[in-house]
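Chemist: Before anything else, here's the structure in question.
Here, each number is a calculation from the coordinates, and none is a lab measurement. All values reported here derive from a predicted model rather than from experimental measurement. Neighbour counts run over all protein chains shown; Cβ positions are idealised from the backbone, glycine included.
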Amino acid sequence: MTGAAPDLEARKAAARQAAFVRRKAAHAADSGNSSSALSAVLAGYRGVPVSGFLPIRTEIDPRPAMAEAAAHGPVAVPVILGAGQPLKFSLWEPGCVLRDGPFGAMVPEVDRFIDPEILIVPLVAFTRTGDRLGYGGGFYDRTLQMLRALRPTLAIGFAYAAQEADSLPLEATDQPLDLIVTENEVITPARS
């Protein structure tokens with residue numbers, strides 16, 4: 001947890017629970033070509049270091065788009081080093097040997113860390129204004145804050161359209177998304 005007030009944590013928990021139900025239904029209906037819009041977005045950034053993710057549970061699958069991007073430049077996946085720490089990103093290639101990582105996510109057997117300039121970010125829920133609700137560990141928020149302090153870093157939320165929410169309970173430390181890609185569209189957040 002992030003140390004938010006109990007009421008905020010309760011609202012986040014309720015928003016997560018509702019979003020998990022929507023995501024599970026969308027995942028069950030997935031025809032297997034949900035990453036085509038993500039592939040199209042990444043095609044505009046050939047050669048730029050990218051971090052994707054290896055899906056867990058009912059997350060949408062970015063691996064086809066990651067495989068296409070890997071033909072043109074480095075692609076990595078996140079590695080959790082410990083609670084309260086930012087993520088590190090280990091080089092990934094289609095078919096590479098994987099090992100079990102924290103929280104059920106697979107990671108490359110041999111860590112070769114890079115600093116990505118584009119992060120494909122998993123999420124539980126999102127809004128059209130670029131707000132993101134994750135799992136509650138703050139890993140992506142800490143990591144994006146750190147990377148954005150060093151250089152421009154593009155955060156692309158990748159999710160099923162059903163994970164969209166009208167609004168989300170947020171904290172000041174929550175990092176916004178620059179783009180949201182679903183199986184149906186690419187959303188450029190309209191921030192107020």
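Chemist: Any idea what the dipole of the range 35-142 comes to, in debye rounded to 20, about its Cα centre with Lys/Arg Cβ at +1 and Asp/Glu Cβ at -1?
Modeler: Using only the charged Cβ atoms, the result is roughly 140 debye.
Chemist: Report, in whole Å, the centroid distance computed from the Cα atoms of the range 141-178 and the range 43-91.
Modeler: So the separation of the two Cα centres works out to 15 Å.
Chemist: Among Ile120, Ile114, which comes first, then next, by fewest other beta-carbon atoms within 10 Å? Walk me through the numbers before you get to the answer.
Modeler: On the way: Ile120 27, Ile114 16.
In increasing order of surrounding Cβ atoms, one gets Ile114, Ile120.
Chemist: Right, another one. So for the chain, taking the charge dipole from beta-carbon charges (+1 Lys/Arg, -1 Asp/Glu), which of Phe53, Ala10, Pro122 sits furthest toward the positive end?
Modeler: Ala10
Chemist: Please arrange Tyr140, Tyr135 by counting, for each residue, the other beta carbons lying within 10 Å of its beta carbon, fewest first.
Modeler: Tyr135, Tyr140
Chemist: Could the peptides 51-62, 100-111 be put in order, highest first, of the mean number of other beta-carbon atoms found within 10 Å of their residues?
Modeler: By packing density, highest mean first, the sequence is 51-62, 100-111.
Chemist: Hey, quick one: spin label on Ser31, modelled 7 Å out along Cα-Cβ, who in the range 156-192 has an amide N within reach, i.e. under 14 Å?
Modeler: 183-185
Chemist: Now a separate question. Amide H neighbours of Ala125 under 5 Å, at least 5 residues apart or on other chains, H built in the peptide plane: list them.
Modeler: The list, which skips near neighbours in sequence, is Leu133.
Chemist: Now, a different point. Could you compute how fast the range 88-139 diffuses translationally, taking Rh as the Kirkwood radius over C-alpha pairs and applying Stokes-Einstein at 20 °C with viscosity 1.002 mPa s? Give it in µm² per second. Spell out each step's value before the answer.
Modeler: Values: Rh = 13.1 Å.
Using the Kirkwood radius from Cα pairs, D works out to 163 µm²/s.
Chemist: Another question, then. Take every Cα pair under 8 Å in the range 53-100 that's 6+ residues apart, average their separations, divide by the length, and report that relative contact order as a whole percent.
Modeler: Computed value for the range 53-100: 28 percent relative contact order.
Chemist: Now for a different question. If eta is 0.692 mPa s and T is 37 °C, what Stokes-Einstein diffusion coefficient results for the chain, Kirkwood Rh from Cα pairs, in µm²/s?
Modeler: 196
Chemist: Now, a different point. Please turn the phi angles of the range 99-112 into ³J(HN,Hα) values with the Karplus equation 6.51 cos²θ - 1.76 cosθ + 1.60 (θ = phi - 60°), one per residue in order, whole Hz, x for glycine and proline.
Modeler: So the Karplus estimates, Gly and Pro as x, are 10, 5, x, x, 6, x, 7, 8, 9, x, 4, 10, 7, 10 Hz.
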